[in-house]
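Please read the structure below before turning to the comments.
The values are calculated or read from the model by the stated rules, or taken from the named source; none is laboratory data. What you see is a predicted model; the values in this text were computed from it and never measured. A quick note on method: Cβ atoms are made from the backbone with ideal geometry, for glycine too, and the neighbour counts reach across all protein chains shown.
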Amino acid sequence: MTNVPTRPDPVVTSDTQFFWEGVEQGKLLAQQCQECKAFRHPPRAMCPGCNSLQWDAVPLSGKGEVYSWLLPRHPLVPDFESPLIVALIDLEEGIRLLSNVIGISPDDLDNGQAVEVCYAPTKGGKAVPVFKPVARGAQS
């Protein structure tokens with residue numbers, strides 16, 4: 001195992017720029033509609049609930065649980081360590097993120113596993129949010 005980051009850099013667009021700037025500061029951010037206060041992810045220009053174009057970038061707790069997960073088997077995903085656990089994470093704020101779970105064997109991972117955000121470095125010196133298990137008894 002190498003300590004050299006191999007993950008690709010994130011693709012930044014005008015809709016996601018706020019998200020990746022937050023990650024650079026160690027913050028997990030989401031859009032929150034100024035009108036109906038609904039959180040939304042992935043980022044988009046218009047609220048799907050009330051059609052408002054007004055939103056704020058709001059910090060999230062970074063805490064949640066694994067909703068579902070899988071292990072890509074073939075072909076191997078280049079630039080990622082194996083095993084790569086791809087997971088849907090239900091965040092406390094009610095939105096779901098697609099990410100990776102690190103620091104646990106697939107044999108020990110279950111749906112409902114409590115997780116918290118951490119950040120994995122990329123080839124270009126950036127970072128991406130990933131999730132690690134919360135030790136039992138460490139949940140607040």
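Considering only the stretch 62-76, how many residues are free of Cβ contacts under 8 Å to residues at least 40 places away in the same chain and either under 13 Å from the mean Cα position of the chain (by Cα) or closer than 23 Å to ASP90 by Cβ (or both)?
Here is the first cut: in the stretch 62-76, the residues free of Cβ contacts under 8 Å to residues at least 40 places away in the same chain are 70-76.
Next, only the ones that are either under 13 Å from the mean Cα position of the chain (by Cα) or closer than 23 Å to ASP90 by Cβ (or both) stay: 70-72.
The total comes to 3.
Tell me whether the stretch 106-115 contains one or more residues that are part of a strand (DSSP E or B), touching a strand residue (DSSP E or B) at 6+ places or on another chain (Cβ under 8 Å) and more than 26 Å from VAL4 (Cα to Cα).
Yes, that holds for at least one residue.
Within the stretch 6-47, which residues are surrounded by 18 or more Cβ atoms within 10 Å (Cβ to Cβ), in contact (Cβ under 8 Å) with a residue 40 or more places away in the chain and either touching a His at 6+ places or on another chain (Cβ under 8 Å) or over 20 Å from GLY62 (Cβ atoms) (or both)?
Hit for the stretch 6-47 is ALA30, nothing else.
Which residues, counting only those in the stretch 127-140, are at pLDDT below 95 and either surrounded by 17 or more Cβ atoms within 10 Å (Cβ to Cβ) or among the aromatic types (Phe, Trp, Tyr) (or both)?
Passing the criteria: none in range.
List the number of the failed condition for GLU81; all other conditions in (1) among the charged types (D, E, K, R); (2) crowded, with 16+ Cβ neighbours inside 10 Å; (3) touching a residue at least 60 places away in the same chain (Cβ under 8 Å) hold.
For GLU81, the exception is condition (2).
Kindly provide the set of residues from the stretch 84-97 that are of a type outside the set (D, E, K, R) and either under 20 Å from GLY26 (Cβ atoms) or in contact (Cβ under 8 Å) with a residue 60 or more places away in the chain (or both), ordered by number.
ILE89, LEU91, ILE95, LEU97
Which residue out of SER68, SER61, SER82, SER14 is among the hydroxyl-bearing types (Ser, Thr, Tyr) and in a strand (DSSP E or B)?
SER68
Please enumerate the residues belonging to the stretch 79-133 that are under 17 Å from LEU60 (Cβ atoms) and among the basic types (Lys, Arg).
Matches in the stretch 79-133: ARG96, LYS132.
Tell me which of these ASP110 doesn't satisfy, since it passes every other one: (1) of a type in the set (D, E, K, R); (2) surrounded by fewer than 17 Cβ atoms within 10 Å (Cβ to Cβ); (3) closer than 24 Å to GLY26 by Cβ.
(3)
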